[in-house]
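Rule-based calculations on the coordinates, nothing more; no lab input. All values derive from a computational prediction rather than experimental measurement. Cβ placement follows ideal geometry from the backbone for every residue including glycine, while neighbour counts extend to all protein chains displayed.
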């Protein structure tokens, strides 16, 4: 099984998501996820920006899964 590492950029994306949740509330979860899904395809998974976007996307996916949505 290949090893998967979590990058600093991925963690930064999660932090960005948390800050946005704190500022704007859970009502924006679906909008954020939609925006991130459209934007991610423009960046490679190996790029720093791609990793950050994926971290934030995964944060919002988890929030929606937990029921923190409007």
Take the Cα atoms of the chain, build their convex hull, and give its volume per residue in Å³. 87
Can you pull the one-decimal nm distance between simple spin-label points at residue 30 and residue 3, each 7 Å off the Cα toward Cβ? 4.2
Among 40-47, 5-12, 51-58, how do they line up from the highest to the lowest mean number of other beta-carbon atoms within 10 Å? 51-58, 5-12, 40-47
